[in-house]
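Chemist: I'd like to ask some things about the structure below.
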Amino acid sequence: MKTNNTIHSTQLFFIIFQTQVGVGVLSLPTSLYSGAGADGWITLILTGAIIQGVIYILYLLSNRFPSSTLYEFAPKIVGKYIAFVLSLLYIAFAISTAVIVLELFETTVKTWVLFRTPMLAILLLLTLTGTYLAVGKLKVMGRFYQIVSILIVPLVIMAAYTLKDADLRYILPIGENGFGTILKATQKGIVSMLGFEVILFVYPYVQDKGKAALKSASLANLAVTSLYAFLTFTTYVFFSPKQLEMIPEPIVYMLKGVSFIIVDRVDLLFLSIWIISVMTSYASYLYIGGIGIQYLTKRKKTTGPIIIVAIVSLILSTFTHDRYTIETLSSYHANASYFFALGIPILLWIISVITKKKEGAA
Amino acid sequence: MRRGTRKPYRNKPYQIPTSAESYQSFFTVEENKQYLSDAFYQTDDLKFREVVLKDVKCIICYLDPLTSEDKLQKTIIKPLLERNELNIEKIVTSKEIRISTNLHEAVSGLTKGFAVFLVDGTQHLYILEAFAGESRAVTEPVNEQVVRGSHEGFVENIMQNLQMLRRRIENPNLVVKFFKAGKATDTKIAIAYIQNLVNPDLVAEVERRINAIEADSIQTPGYVEEFIEDEPFSPFPQMLSTERPDRLTAHITEGRIGVFMEGSPSTLIMPVTFFAFYQSPEDYNSRWYIGTVLRLIRITSFIFALALPSVYIATVSFHSEILPAELILNIKSSLENVPFPPLIEALIMQITLELLREAAIRLPNPIAQTIGIVGGLVIGTAIVEANLVSNMMIIIVALTAISSFAVPSYEMSMSIRLLGFPLMLLSATFGFIGLVFGLSMILIHLCGLETFGTPYFSPLAPFRFSELKDSIIRVPRWLLGKRPIDVHAQEQRQEWFSRRWKRNEDE
């Protein structure tokens, strides 16, 4: 006697939101700054707009096959063999994302909180918790993501509290770098906003498909864009341009400087909440990888495959972890993610429209 | 009854003989008497009393401890001897009379407090009710006391408990179903629910699970709970156990099922959510503001009992810089002379506290108070003066203990205190990071836990805003128009504009 493994469109909102908000948020202001200068926050808003378009296409694609995930409908569009390769690639992509999340998490925790704790212990913490979350199936993830999203509120309040020391002159004049630069920098923004592609894998489990689901996905994107733009904006008005060039994780630096009544190091609280966002993104990718393996190996349960994905990503993440390698890996991963989150889904959609392939009308 | 194609277990000799096959009775009393005596292996409390009615030899046979002397005399022996007739059915005034020719039935009747009347020359066995139904007086349950409200509590007699329930719900829709469980004890279990309100699937599921019980004995409702609960490895209790008839009534009228057991004053309620453990019938007796504040305090107590020692350990051993200088100086100065790391300090204190609690719980009241004084005052002061534990830790542990006792349900309070230990370990190893992961684990578990098809952490996960008004807070009763949705009762509405009189008042 169990409840159905379905999610409500509200939970879809939180799943997309929490998958998008993740490791990237800490380094986002710096990477945007290197691309678009003090106009980085405008870049983010533009990025949000572009992603909105992508989400619409993802929705159109998913809605053509409302009861199947990408792994299930890909064979119907491009045939068995190409779909098999595609599925393998997606599983590899999910695993590599999980690896990157693990590595970035580990380095950040090591830099800011636990300086001497062995790497494996920190990685294990995230792996165990993330796996436990992912094997609970989508309904548990939906419930958990929804309930922990309330923690975003104190996060925003913490950041807003620093605005008392803001200096608006740092971001003036608005648009000084020209529209071209701002637009070009969007590619740096897209990487940290990744996660919306989760819609391709959870759509069949949504109870109220169609317009309500699209609305949830769009709102999630809007929420993520606003949150990121706000956080970026606060760091840009807090630090001078010279400082921003040097600081790798400006949000944490910024919060380190402020103190509430009985809390002297707000950054520790911020990082504690941030961990949960990392965990949720990590669990989502474990889930994406897990159901891929489950589909390819024709298993009944997702538990085994998810554990396999977790173990593989844990092993891979123990190999390299100096800052340079991680950065190189991240940039490779960023380039690959364009294909997986944008290119392939759009291509699949175009093919399915041209060949008029739809669920039921095979 | 049993799932699958598994062969039924054959009863062992010591278990209750299955009455599936019948054993024809004899024509003579002596043979019947011999059989019954053998069936009970010549036990000494099986009594036989001979009566001669119209020159026919008859024997009344009964298990002495189970039968009421009063009933036996007034309803059986006295009428028979006075009328001196063999027309037993007409004469005997017992509540229940069964006539059988099956000696097995007589045996099982005897074990339930029936008297068996044997008449010479006939195969008929008269099985007559003479049950001694004494139970202790109704008192207020010690662990669920309230200031205002009913002071009635269940007792060990299942019939009297059902009577208390029936008195509170005078409705023909209130259905009671009996089950027998325990191959060596044959314990009576009853489920009670309101027909046409309760979710029929739920009833079927509960029946299926109770029927699946195959065990020698069912001693306490805890056995039933462990046999039928969804997640036996979860630290959280998944059925609400209560000794209060008013609490049970409230849950049954919300569409839940109550389980009674012979010999135990606690009843089980299912399906319940996490927040049911934080509600008390008293909430509805006080002003709703007060009820709300009380509930919020209890929710705070949950967080304190769970995480306060861990937060303290993480702060002083990893992140003391998070506190402002004045505060940290205070804490550090109290820690200065203590040789142990905070985790060991906390463990010493927590274990001492658990020991005190466990020791005091079984002692008579005056001695328990002494223990409280010795434990609380003497050990508390001495342990600080001996520099074994810091002052701060005493405060933290005391606050934690008080918080855990604020939970209205005993099992829940124990579960939370136990969960505190792994959290302390985690925060002593990883600081806040470990604490966050530990709390997340618990939260994930709560999100995934389901009992009888109901999400355990509802209405927080899945989040239902409209149901927060009777779980986290308590709004006035007339605003609670609907039952909780997770019970899947057949009718959602439970209140219909009771304050409509207000509208006509102005005219």
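Chemist: Exactly which GluC sites (Glu not before Pro) in segment B:56-124 are in a DSSP loop and have at most 14 other Cβ atoms within 10 Å?
Modeler: Here the GluC sites (Glu not before Pro) that fit, given the DSSP loop and packing criteria, are B:Glu85, B:Glu96.
Chemist: Next question, about the same structure. Mind checking Rg over Rh on chain B, alpha carbons, Kirkwood formula for Rh?
Modeler: 1.08
Chemist: Once segment A:95-218 is represented by equal point scatterers at the alpha-carbon sites, with solvent omitted, what log10 I(q)/I(0) does the Debye formula produce at q = 0.16, 0.19 Å⁻¹?
Modeler: Debye output, listed in q order: -1.23, -1.32.
Chemist: If you don't mind, another one. Using only Cα atoms and rounding to the nearest 10 degrees, what angle (0 to 90) does helix A:211-238 make with the longest principal axis of chain A?
Modeler: Taking Cα atoms only, the helix is inclined about 20 degrees.
Chemist: Calculate, axis by axis, the spread of Cα positions in segment B:142-272 along the three principal axes, and write the results as whole Å, longest axis first.
Modeler: 40, 34, 29
Chemist: Determine the shielding of peptide B:442-455 by partner chains: average, over its residues, the number of Cβ atoms on other chains within 10 angstrom of each Cβ.
Modeler: Averaged over the peptide's residues, the number is 5.
Chemist: Another question, if that's okay. Note down the net charge around B:Glu207, summing +1 for each Lys or Arg and -1 for each Asp or Glu among other residues with Cβ under 12 Å from its Cβ.
Modeler: Around B:Glu207, the charge tally is +1.
Chemist: Given a 1.4 Å probe and every protein chain left where it sits, what share in percent of the accessible area of segment B:312-447 is carbon and sulfur?
Modeler: 73
Chemist: So, one more: If one takes the longest principal axis of the Cα atoms in chain A, at what angle in degrees, from 0 to 90 and to the nearest 10, does the Cα axis of helix A:9-20 lie?
Modeler: 60
Chemist: What is the Rg over Rh value, at two decimals, for segment B:234-307, using alpha-carbon atoms and the Kirkwood definition of Rh?
Modeler: 1.00
Chemist: Taking chymotrypsin sites (Phe, Trp or Tyr not before Pro) as exposed when DSSP calls them loop (any state but H, G, I, E, B) and at most 16 other Cβ atoms lie within 10 Å, what is the longest stretch of chain A free of them, the sites themselves excluded?
Modeler: A:116-259
Chemist: Now for a different question. For segment B:29-129, take every pair of Cα atoms, bin their distances at 10 Å starting from 0, and report each bin as a whole percent.
Modeler: Final binned percentages: 16, 56, 28, 1.
Chemist: For the protein assembly as shown, just run the numbers: alpha carbon Rg, then divide by 2.2 N^0.38 Å, N being how many residues it has.
Modeler: Scaled against compact globular proteins, the figure is 1.20.
Chemist: Something else now. Using just the alpha carbons, could you tell me how many Å³ per residue the convex hull of segment B:351-423 encloses?
Modeler: 94
Chemist: Same structure, new question: Just want to confirm a number: the relative contact order over chain B, from Cα pairs under 8 angstrom separated by 6+ residues, in percent.
Modeler: After rounding, I find 13 percent.
Chemist: From largest to smallest, what semi-axes in whole angstrom does segment B:284-455 give when each is the square root of 5 times an eigenvalue of its alpha carbon gyration tensor?
Modeler: Semi-axes (√(5λ), whole Å): 27, 24, 16.
Chemist: Can you compute the radius of gyration and Dmax for segment A:11-146, using only the Cα atoms, both in Å?
Modeler: 18.2, 51
Chemist: Right, something else. Under the definition of partner shielding as Cβ atoms of other protein chains within 10 Å of a residue Cβ, what is the mean value for peptide A:135-146?
Modeler: Average per residue, whole number: 5.
Chemist: Could I ask something else about it? Over the Cα atoms of segment A:9-354, compute the convex hull volume and normalise it per residue, giving Å³.
Modeler: 130
Chemist: DSSP H helices in chain B with Cα extent of 20 Å or more along the helix axis and mean Kyte-Doolittle hydropathy at least 1.0?
Modeler: Those that clear 20 Å and a mean of 1.0 are B:288-317, B:342-361, B:391-405, B:410-430, B:432-448.
Chemist: For Cα pairs less than 8 Å apart in space and 6+ apart in sequence, what is the mean separation divided by the residue count of chain A, i.e. the relative contact order in percent?
Modeler: 40
Chemist: Need one value for B:456-465: mean number of C-beta atoms belonging to other chains within 10 Å of its residues' C-beta atoms.
Modeler: 4
Chemist: Past 31 Å, Cα to Cα: identify those pairs from A:Lys209/B:Lys177; A:Lys298/A:Lys356; B:Lys57/B:Lys183; B:Lys33/B:Lys54; B:Lys33/B:Lys78; B:Lys12/B:Lys74, in the order given.
Modeler: Cα-Cα > 31 Å for A:Lys209/B:Lys177; B:Lys57/B:Lys183; B:Lys12/B:Lys74; rest within.
Chemist: Excluding B:Leu418 itself, what net charge comes from residues whose Cβ is under 14 Å from its Cβ, given Lys and Arg +1 and Asp and Glu -1?
Modeler: Residues near B:Leu418 contribute -1 overall.
Chemist: Quick one, what does Rg over Rh come out to for segment B:360-507 if you take C-alpha atoms and the Kirkwood Rh?
Modeler: Result: Rg/Rh = 1.14.
Chemist: Okay, moving on. Counting Lys and Arg as +1 and Asp and Glu as -1, what is the net charge of the other residues whose Cβ lies under 15 Å from the Cβ of B:Gln369?
Modeler: Surrounding charge for B:Gln369 is +2.
Chemist: Using the C-alpha gyration tensor of segment A:100-141, what are the square roots of 5 times its eigenvalues, in whole angstrom, with the largest one first?
Modeler: Semi-axes (√(5λ), whole Å): 24, 10, 7.
Chemist: Tell me which aspartates and glutamates have Cα within less than 15 Å of A:Lys357's Cα, excluding those fewer than 8 residues away on the same chain?
Modeler: A:Glu72
Chemist: State which stretch of chain B is the longest one without any exposed chymotrypsin sites (Phe, Trp or Tyr not before Pro), exposure meaning a DSSP loop state and at most 13 other Cβ atoms within 10 Å.
Modeler: It runs B:234-495.
Chemist: Set the bar at 19 Å for Cα to Cα. Now go through B:Lys47/B:Lys95; A:Lys137/A:Lys300; A:Lys80/A:Lys139 and name every pair that lies beyond it.
Modeler: With Cα atoms farther than 19 Å apart: B:Lys47/B:Lys95; A:Lys80/A:Lys139.
The values are calculated or read from the model by the stated rules, or taken from the named source; none is laboratory data. All of these numbers come straight from a predicted model, not from anything done at the bench. Every residue, glycine as well, gets a Cβ built from its backbone with ideal geometry; the counts of neighbours run over all protein chains shown. Side chains included, ligands, DNA and RNA excluded: accessible areas come from the protein's heavy atoms. Shrake-Rupley method; radii C 1.70, N 1.55, O 1.52, S 1.80 Å.
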